[in-house]
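One structure below.
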Amino acid sequence: MKNNNKRAFHLEKRSRTFHKWCMLFLSVQFMIWSVTGVYMVFFDIDYIHGDSLVKNQQNTIPLQQVQVSVKDLHQQYGEIESLSLGVFIDKAVYRFQSGERFYLVDARTGKLLSPLDEHAAIYRAKHEYTGTGNVVSAQLIEQNPPFELSPKRLPAWRVDFDDFGAPALYVSALSGEVVTKRHEWWRLFDWVFRFHVMDYQDSDVGNKLLFWVALFAITGGVSGLILTYFRVLKPQGVHK
Amino acid sequence: MKWVRWSHKWLSIVVGLQLLIWLVSGFYFNLMDHEKVGGNQYRQTPIQQSSINYTQLLEAKHILAQAEPAISIELIHLLGRPYYLLNHHKGLYPHFKNRYSLYDAYQGELTELSEEMVKALALQTYNGSGKVASVKLLTGPIDDFAKQKNATWQVNFDNQVNTSVYVEAGSGRIVGHSDDDKRFADFFFMLHFMDYGGQGSFNNPQMMFFAFFTFWLSLTGFIWTVHLAKRGHYKRL
């Protein structure tokens, strides 16, 4: 009995010293983890992903417009792949790939609409955008896309709106589709995530810095829990 | 300073264990084999036979004329045969609620994926050993793909890691592969996200509650540390 008490006393004291010193190095990181965690948890992830920026238009294909046939396309463009017939704003359009290239073709006139010019890209972005703000800029990105745009989506128009959070819609210059969207809350989320996983460049969760800090933090957490047991749950021990 | 010490102690009771779960599961994410947890150990890209017989091919317009109005109609290949895939309600993402119909592009018949077709589609993407043990149509939530909101076939293989291949019922799209390695990681994600209902989300009330109080635990701990440093408690062990 007496032995037990003595050992417990040591465990408490050691935990206290360890916790104190551990947190000298880790308390800032614990702050970063909890602040970034709070940000990610409290902002709805669908909002973060900008789902509320786009209408997700459900216009159905105006059948009477479709004058060009699939066989016409085959005759003109040769072997075609990934063919679809859909809507571009209010026009029936074909989208397809032939060789290495992608095409957007007016299904009534057979006119090639791709690559989109600035006017068409802005028109398309406005058609999908839920906000009321004006377009402040439109920029064609053909190479070296920013982090927020996958290289697979190139070339694409970035259309910026002057609303809260600086939203931007990216319109593919080839398919005319809104391929992604961003606002400051998502851009901030990306940074928040990098700080949460301690990789400030590639958001790689498997990095060595996180390994050592997390390992250290687990021991810090365990020592804290031991203190919780002795100091809060079972406070009748011998301590100053 | 008294309230800082007091709240740090009592907050540690409220969030202590969860904080440890976060640390341990976070540490696991750091260590886990990112290749394995994708669930794609036996996944392969099917070799598509994309040649189309244009004399036999029906026009997209012809199909549209007999079908419900559609937002898009796409020429796809399933098991080497062309089909027209119509989308009548477009979700913002493929895993959101979508409503499709499928027409044979040569015959024009409205087609529903049969169990046999689903099995064959799954096998096209699978290069492991073992046989198909069971095929099930899931209409409710899917444990392996919590975000998938459309009816999906589950094709189960009897291999060592219990691979399941998921095929969307309306479109024939391969939702993905899952296996025991992915399920093991998913268990840790469930813990880290406190996602006990399998919603595939971390925006839940219990998360908000614990995140909020963990923030206060960290803040009071930080203030305490600064206070100790100022008072010279870090001069020697």
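The values are calculated or read from the model by the stated rules, or taken from the named source; none is laboratory data. Not measured: the values here are computed from a predicted model. Neighbour counts are summed over all protein chains in view; Cβ atoms, including those assigned to glycine, are modelled from backbone coordinates with ideal geometry. SASA here: full protein model, heavy atoms, side chains in, ligands and nucleic acids out. Shrake-Rupley method; radii C 1.70, N 1.55, O 1.52, S 1.80 Å.
What residue, among those in the stretch A:10-21 that are in contact with a helix residue (DSSP H, G or I) (Cβ under 7 Å, 6 or more places away or on another chain) and over 13 Å from B:Ala229 (Cα atoms), is surrounded by the fewest Cβ atoms within 10 Å (Cβ to Cβ)? Full working, then the answer.
Within the stretch A:10-21, the subset in contact with a helix residue (DSSP H, G or I) (Cβ under 7 Å, 6 or more places away or on another chain) is A:11-12, A:15-16, A:18-20.
Now restrict to residues that are over 13 Å from B:Ala229 (Cα atoms): A:11-12, A:15-16, A:18-19.
Numbers: A:Leu11: 15, A:Glu12: 19, A:Ser15: 21, A:Arg16: 17, A:Phe18: 17, A:His19: 22.
Among residues in the stretch A:10-21 that are in contact with a helix residue (DSSP H, G or I) (Cβ under 7 Å, 6 or more places away or on another chain) and over 13 Å from B:Ala229 (Cα atoms), the one surrounded by the fewest Cβ atoms within 10 Å (Cβ to Cβ) is A:Leu11.
Can you find a residue in the stretch B:101-110 that is within 22 Å of A:Gly86 (Cα to Cα) and in contact with a Ser or Thr (Cβ under 6 Å, 6 or more places away or on another chain)?
yes
Under the condition of being open to solvent by 50 Å² or more (accessible area, probe 1.4 Å) and under 21 Å from B:Lys149 (Cα atoms), which residue from the stretch B:197-237 is farthest from the other protein chains (Cβ to nearest Cβ)?
Per the stated criteria, the residue is B:Gly197.
Answer yes or no: is there a residue in the stretch A:48-56 that is more than 9 Å from chain B (Cβ to nearest Cβ), under 34 Å from the mean Cα position of the chain (by Cα) and among the small types (Gly, Ala, Ser).
Yes, that holds for at least one residue.
Can you list residue pairs whose Cβ atoms sit under 8 Å apart, with the first residue in the stretch A:125-150 being under 15 Å from A:Ser172 (Cα atoms) and at pLDDT below 95 and the second being open to solvent by 60 Å² or more (accessible area, probe 1.4 Å) and not hydroxyl-bearing (Ser, Thr, Tyr)? Count only pairs 6 or more apart in sequence or on different chains.
A:Pro145/A:Pro151; A:Pro145/A:Arg153
Looking only at strands (runs of 3 or more DSSP E) that lie completely in the stretch A:30-106, which have at least 1 residues being touching a residue at least 40 places away in the same chain (Cβ under 8 Å) and open to solvent by 60 Å² or more (accessible area, probe 1.4 Å)?
Working: elements: A:81-88, A:91-98, A:101-106.
By residue number, A:101-106.
Being farther than 30 Å from A:Leu233 by Cβ, more than 7 Å from every other protein chain (Cβ to nearest Cβ) and outside any helix (DSSP H, G or I), is that true of even one residue in the stretch B:61-73?
Yes; the residues of the stretch B:61-73 include at least one that is farther than 30 Å from A:Leu233 by Cβ, more than 7 Å from every other protein chain (Cβ to nearest Cβ) and outside any helix (DSSP H, G or I).
Residue by residue through the stretch B:93-109, note down the ones that are surrounded by 15 or more Cβ atoms within 10 Å (Cβ to Cβ) and touching a Gly at 6+ places or on another chain (Cβ under 9 Å).
Selection gives B:Asn98, B:Arg99, B:Tyr100, B:Ser101, B:Leu102.
Among the residues of the stretch A:132-147, are any open to solvent by 30 Å² or more (accessible area, probe 1.4 Å) and under 11 Å from the mean Cα position of the chain (by Cα)?
Yes; the residues of the stretch A:132-147 include at least one that is open to solvent by 30 Å² or more (accessible area, probe 1.4 Å) and under 11 Å from the mean Cα position of the chain (by Cα).
Of everything in the stretch B:22-33, what is open to solvent by less than 60 Å² (accessible area, probe 1.4 Å), among the hydrophobic types (A, V, I, L, M, F, W, C) and modelled with pLDDT of 95 or more? Give them in sequence order.
So the first thing to find is which residues in the stretch B:22-33 are open to solvent by less than 60 Å² (accessible area, probe 1.4 Å), and the list is B:22-23, B:25-30, B:32.
From what is left, the residues that are among the hydrophobic types (A, V, I, L, M, F, W, C) are B:22-23, B:27, B:29, B:32.
B:Trp22, B:Leu23, B:Phe27, B:Phe29 - these are the residues of the stretch B:22-33 that are open to solvent by less than 60 Å² (accessible area, probe 1.4 Å), among the hydrophobic types (A, V, I, L, M, F, W, C) and modelled with pLDDT of 95 or more.
What about B:Arg5, is it crowded, with 16+ Cβ neighbours inside 10 Å and either basic (Lys, Arg) or farther than 24 Å from B:Trp224 by Cβ (or both)?
Against the criterion (crowded, with 16+ Cβ neighbours inside 10 Å and either basic (Lys, Arg) or farther than 24 Å from B:Trp224 by Cβ (or both)), B:Arg5 does not qualify.
Take B:Glu74 and decide whether it is within 25 Å of the chain's Cα centre (by Cα) and within 23 Å of B:Lys136 (Cβ to Cβ). Reasoning before the result, please.
Values: within 25 Å of the chain's Cα centre (by Cα): yes; within 23 Å of B:Lys136 (Cβ to Cβ): no.
Considered against the rule, which asks whether it is within 25 Å of the chain's Cα centre (by Cα) and within 23 Å of B:Lys136 (Cβ to Cβ), B:Glu74 comes out as no.
List pairs: first in the stretch A:157-168 and open to solvent by 40 Å² or more (accessible area, probe 1.4 Å), second at pLDDT below 95 and β-branched (Val, Ile, Thr), Cβ under 6 Å, 6+ apart or cross-chain?
none
Going residue by residue through the stretch B:76-89, is there one that turns out to be within 11 Å of chain A (Cβ to nearest Cβ), in a loop (DSSP other than H, G, I, E, B) and either open to solvent by less than 70 Å² (accessible area, probe 1.4 Å) or touching a residue at least 40 places away in the same chain (Cβ under 8 Å) (or both)? I'd like the intermediate steps shown before the answer.
Going residue by residue through the stretch B:76-89, those that are within 11 Å of chain A (Cβ to nearest Cβ) are B:76-77, B:82, B:84-89.
When the remaining residues are screened for being in a loop (DSSP other than H, G, I, E, B), the result is none.
For the stretch B:76-89, residues within 11 Å of chain A (Cβ to nearest Cβ), in a loop (DSSP other than H, G, I, E, B) and either open to solvent by less than 70 Å² (accessible area, probe 1.4 Å) or touching a residue at least 40 places away in the same chain (Cβ under 8 Å) (or both): absent.
Tally the residues that are under 13 Å from A:Ser69 (Cα atoms) and open to solvent by 20 Å² or more (accessible area, probe 1.4 Å), restricting the search to the stretch B:59-74.
3
Residues are listed down the side, and each one gets a yes or a no for (1) surrounded by 15 or more Cβ atoms within 10 Å (Cβ to Cβ); (2) more than 7 Å from chain A (Cβ to nearest Cβ); (3) touching a residue at least 24 places away in the same chain (Cβ under 8 Å):
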site	(1), (2), (3)
B:Leu19	yes, no, yes
B:Glu35	no, yes, no
B:Gly39	yes, yes, yes
B:Leu57	yes, no, yes
B:Gly91	no, yes, yes
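Could you please let me know if B:Gly16 is of a type outside the set (A, V, I, L, M) and at positive phi?
Answer is no for this residue.
Quick one: in the stretch A:8-25, which of the residues that are among the aliphatic types (A, V, I, L, M) and more than 9 Å from chain B (Cβ to nearest Cβ) is farthest from the chain's Cα centre (by Cα)?
Result: A:Ala8.
Check whether at least one residue in the stretch A:182-203 is in contact with a strand residue (DSSP E or B) (Cβ under 7 Å, 6 or more places away or on another chain) and open to solvent by less than 40 Å² (accessible area, probe 1.4 Å), and report yes or no. It would help to see each step written out before you state the result.
First, pick out the residues of the stretch A:182-203 that are in contact with a strand residue (DSSP E or B) (Cβ under 7 Å, 6 or more places away or on another chain): A:182.
Then keep just the ones that are open to solvent by less than 40 Å² (accessible area, probe 1.4 Å); that gives A:182.
Among the residues of the stretch A:182-203, at least one is in contact with a strand residue (DSSP E or B) (Cβ under 7 Å, 6 or more places away or on another chain) and open to solvent by less than 40 Å² (accessible area, probe 1.4 Å), which makes the answer yes.
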